[in-house]
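Engineer: I'd like to ask you about the structure that follows.
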Amino acid sequence: MSEERGEWILCLTTYEKGQSFMRQCAAMGCRVLLLTLEKHRHADWPHDILAEIVYMPEGLNLEQVTNTVTYLARNRKFERLVALDEFDMETAAHLREHMHVPGMGLTTTSHFRDKLVMRFEAQRAGALVPDFTPVLNYDDLDAYIASVPAPWVLKPRAEASAIGIRKIHDPEQLWRSLDELGDRQSYYLLERFIPGDIFHVDAITTDRQVVFSSVCQYGKPPMQVMHEGGVFTTHVIDRASTDARELTAINAQLIPDMGLVRGVTHAEYIRSVDGCYYFLEVAARVGGAFIADVVEHATGLNLWAEWARVEIGAMRGMSYAVPPTREEHAGSVLCLAKTTEPDTSMFDAPEIVYRMKKHHHAGLIVRSTEPERVRLLLEDFAGRFAQQYLAIAPPPLKPTA
């Protein structure tokens, strides 16, 4: 029956990702149109299931993208518009409002895109948030500096990962940094730096209820890896641990309170030295850096495919149920590599289930029924990766495809 419907789904992305989402949409009988950039013409898109693919030149402004999509809509009725990458979320939200297509509009999208807005929303919802202030009024900044001890973190409001973040140690450094930013100051926020262990919770929400969560812990903080170089690791933590229970509960309350009706989220929290859990940020998307692969190897659940099931099911008035999952443990080790195609064959532990294939990167995913075995393997591999493969590059000022 679904094959006869053929609802049109527009997938928008400026990065190469989301293949499993599109495949699941097609498997459920939808016609998928992918709108992406010309530079990705030869990317590994699922051409066998795509109804159409349209390439845009880089640098189009919002009006030009709107004109492109509304032109395509003249003879295709788009039932859903989906941004596969975080940097396309505002564009998709604008298009939904402009075309009156169901889904998150600009205001709710800002709760999951704008780091300043999301802090206000998380605070309103009752989550602990590090002391922060907008970079707007200088009297407010002076009051903040006087009341919140350094170090602080100067963060872009609309970037992803740790791109553009600066650690600030004193007022003089702050004012120098703001002078450098000039008229871009208001696009930043200032936040108290809290040392501690950083976790991420990757979740599925349907009908304003979080129905699946996976709690992982980073090795080194992502900001440290991005700015100082190093090997990135993350792993699913013991589901019976206090951290897993507490973070699952915090996230389950916070995500609906921030306005998400349905979809996937990637949220980050820090456990400070006093044992409190502070909200860091949240995005309404599938986590990057092979995090979705880690979750899938641990649980058997593909976040991209489940996101599609949630969206298409809601579109058709069908309820969503989480499929049966495994309760194993997995983790990843990943770094920028000195060689174009690094050889990881010397790593032969039986727990290795995936070898990442990414230009100038070395990476592995391991799986075990024992969380401690995963942690020890990643610790060992991270040290060997640092010796064998690691290349150090300046942190990017802007995201790269």
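The values are calculated or read from the model by the stated rules, or taken from the named source; none is laboratory data. For clarity, every value in this text was computed on a predicted model and none was experimentally measured. Note: ideal-geometry Cβ built from the backbone for every residue, glycine included; neighbour counts use all protein chains shown. The accessibility values were calculated without ligands, DNA or RNA, using every heavy atom of the protein model including side chains. Shrake-Rupley method; radii C 1.70, N 1.55, O 1.52, S 1.80 Å.
Engineer: Just one of (1) over 27 Å from A382 (Cα atoms); (2) among the charged types (D, E, K, R); (3) in a loop (DSSP other than H, G, I, E, B) trips up D348, so point out which.
Structural biologist: Going through the list (1) over 27 Å from A382 (Cα atoms); (2) among the charged types (D, E, K, R); (3) in a loop (DSSP other than H, G, I, E, B), D348 breaks only (1).
Engineer: Considering only residues that are of a type outside the set (K, R) and open to solvent by 20 Å² or more (accessible area, probe 1.4 Å), which ones fall in the range 213-232? Outline the logic, then answer.
Structural biologist: Going residue by residue through the range 213-232, those that are of a type outside the set (K, R) are 213-219, 221-232.
Scanning the range 213-232 gives S213, Q217, G219, P221, P222, M223, Q224, V225, M226, H227, E228, F232.
Engineer: Within the range 362-372, can you find the residues that are over 11 Å from A330 (Cβ atoms) and surrounded by fewer than 19 Cβ atoms within 10 Å (Cβ to Cβ)? Working first, answer last.
Structural biologist: Filtering the range 362-372 down to residues over 11 Å from A330 (Cβ atoms) leaves 362-363, 370, 372.
Residues satisfying the conditions are E370, E372.
Engineer: Could I ask something else about it? Does A51 satisfy being open to solvent by 30 Å² or more (accessible area, probe 1.4 Å), in contact with a Lys or Arg (Cβ under 6 Å, 6 or more places away or on another chain) and small (G, A, S)? Steps first, please.
Structural biologist: Details: open to solvent by 30 Å² or more (accessible area, probe 1.4 Å): yes; in contact with a Lys or Arg (Cβ under 6 Å, 6 or more places away or on another chain): yes; small (G, A, S): yes.
Against the criterion (open to solvent by 30 Å² or more (accessible area, probe 1.4 Å), in contact with a Lys or Arg (Cβ under 6 Å, 6 or more places away or on another chain) and small (G, A, S)), A51 qualifies.
Engineer: Quick test of your reading of the structure: P323 fulfils all but one of (1) in a loop (DSSP other than H, G, I, E, B); (2) within 26 Å of T13 (Cα to Cα); (3) without any contact (Cβ under 8 Å) to a residue 60 or more places away in the chain; (4) of a type outside the set (K, R). Name the failing condition by number.
Structural biologist: The failed condition is (2).
Engineer: Then there is this: When the residues of the range 30-48 are narrowed to those that are open to solvent by 30 Å² or more (accessible area, probe 1.4 Å) and part of a helix (DSSP H, G or I), which ends up nearest to R80 (Cα to Cα)? Give the derivation first.
Structural biologist: First, pick out the residues of the range 30-48 that are open to solvent by 30 Å² or more (accessible area, probe 1.4 Å): 31, 38-39, 41-42, 44, 47-48.
Then drop every residue that is not part of a helix (DSSP H, G or I), which leaves 38-39.
Numbers: E38: 23, K39: 25 Å.
Ranking the qualifying residues of the range 30-48, first place goes to E38.
Engineer: Does V286 count as surrounded by 18 or more Cβ atoms within 10 Å (Cβ to Cβ), out of contact with any helix residue (DSSP H, G or I) (no Cβ under 7 Å at 6 or more places or on another chain) and within 29 Å of A127 (Cα to Cα)? Even if it seems obvious, please write down each step before you answer.
Structural biologist: Working: surrounded by 18 or more Cβ atoms within 10 Å (Cβ to Cβ): yes; out of contact with any helix residue (DSSP H, G or I) (no Cβ under 7 Å at 6 or more places or on another chain): no; within 29 Å of A127 (Cα to Cα): yes.
Here the answer is no, as V286 does not meet what is asked.
Engineer: Let me ask something additional. Tally the residues that are of a type in the set (A, V, I, L, M), touching a Leu at 6+ places or on another chain (Cβ under 7 Å) and in a loop (DSSP other than H, G, I, E, B), restricting the search to the range 93-104.
Structural biologist: Going through the range 93-104, the residues of a type in the set (A, V, I, L, M) turn out to be 93, 95, 99, 101, 104.
With the extra rule that they be touching a Leu at 6+ places or on another chain (Cβ under 7 Å), the set shrinks to 93, 95, 101.
Now restrict to residues that are in a loop (DSSP other than H, G, I, E, B): 101.
The total comes to 1.
Engineer: Select, from T299, T339, T369, T325, the only residue that is within 28 Å of L84 (Cβ to Cβ), among the polar types (S, T, N, Q) and out of contact with any helix residue (DSSP H, G or I) (no Cβ under 8 Å at 6 or more places or on another chain).
Structural biologist: Working: T339 fails: within 28 Å of L84 (Cβ to Cβ); T369 fails: within 28 Å of L84 (Cβ to Cβ); T325 fails: out of contact with any helix residue (DSSP H, G or I) (no Cβ under 8 Å at 6 or more places or on another chain).
The match here is T299.
Engineer: Answer with yes or no whether E63 is open to solvent by 30 Å² or more (accessible area, probe 1.4 Å), touching a strand residue (DSSP E or B) at 6+ places or on another chain (Cβ under 8 Å) and of a type in the set (D, E).
Structural biologist: Working: open to solvent by 30 Å² or more (accessible area, probe 1.4 Å): yes; touching a strand residue (DSSP E or B) at 6+ places or on another chain (Cβ under 8 Å): no; of a type in the set (D, E): yes.
When the stated conditions are applied, E63 does not pass them.
Engineer: Looking at the range 342-357 only, could you name the residues that are closer than 26 Å to L84 by Cβ and touching a strand residue (DSSP E or B) at 6+ places or on another chain (Cβ under 8 Å)?
Structural biologist: First pass over the range 342-357, keeping only residues closer than 26 Å to L84 by Cβ: 353-357.
If the condition is that a residue be closer than 26 Å to L84 by Cβ and touching a strand residue (DSSP E or B) at 6+ places or on another chain (Cβ under 8 Å), then V353, Y354, R355, M356 are the ones that fit.
Engineer: Return the residue satisfying two criteria in turn: it lies in the range 70-88 and is in a helix (DSSP H, G or I), touching a residue at least 40 places away in the same chain (Cβ under 8 Å) and more than 11 Å from C11 (Cα to Cα), and of such residues it is most open to solvent (accessible area, probe 1.4 Å).
Structural biologist: Residues of the range 70-88 in a helix (DSSP H, G or I): 70-72, 86-88.
Imposing the further condition that a residue be touching a residue at least 40 places away in the same chain (Cβ under 8 Å) reduces the set to 72, 86-88.
Next cut, more than 11 Å from C11 (Cα to Cα) only: 72, 86-87.
On the way: L72: 13, E86: 11, F87: 55 Å².
Ranking the candidates gives F87 first.
Engineer: Within the range 182-263, which strands (runs of 3 or more DSSP E) (wholly inside it) include 2 or more residues that are over 25 Å from A158 (Cβ atoms) and modelled with pLDDT of 95 or more?
Structural biologist: Values: elements: 188-192, 196-206, 209-218, 232-236.
In the range 182-263, the matching strands (runs of 3 or more DSSP E) lie at 196-206, 209-218, 232-236.
Engineer: Same structure, new question: Report, ordered by the first and then the second residue, all pairs with beta carbons closer than 7 Å, sequence separation of six or more or different chains, a first member in the range 115-133 that is over 16 Å from K155 (Cβ atoms) and surrounded by fewer than 17 Cβ atoms within 10 Å (Cβ to Cβ), and a second member that is at pLDDT 95 or above and among the aromatic types (F, W, Y).
Structural biologist: Partner pairs satisfying both residue conditions: L128/Y277; L128/Y278; L128/F279.
Engineer: Out of L84, L136, L95, I need the residue that is more than 30 Å from M28 (Cα to Cα), of a type in the set (A, V, I, L, M) and modelled with pLDDT of 95 or more. Which one?
Structural biologist: On the way: L84 fails: more than 30 Å from M28 (Cα to Cα); L95 fails: more than 30 Å from M28 (Cα to Cα).
Result of the check over L84, L136, L95: L136.
Engineer: Give me the pairs: first residue in the range 368-381 and of a type in the set (G, A, S), second residue surrounded by 21 or more Cβ atoms within 10 Å (Cβ to Cβ) and modelled with pLDDT of 95 or more, beta-carbon distance under 8 Å, and six or more apart or on different chains, which are they?
Structural biologist: Pairs that qualify, where the first residue is of a type in the set (G, A, S) and the partner is surrounded by 21 or more Cβ atoms within 10 Å (Cβ to Cβ) and modelled with pLDDT of 95 or more, are S368/H329; S368/A330; S368/V374; S368/L377.
Engineer: Output the residues belonging to the range 91-124 that are over 17 Å from L260 (Cβ atoms) and among the aliphatic types (A, V, I, L, M).
Structural biologist: Of everything in the range 91-124, those that are over 17 Å from L260 (Cβ atoms) and among the aliphatic types (A, V, I, L, M) turn out to be L95, M99, V101, L116.
Engineer: Could you grab me the full set of residues in the range 160-195 that are open to solvent by 40 Å² or more (accessible area, probe 1.4 Å) and either within 17 Å of P221 (Cα to Cα) or in contact (Cβ under 8 Å) with a residue 60 or more places away in the chain (or both)?
Structural biologist: S161, R166, K167, R192, F193, P195
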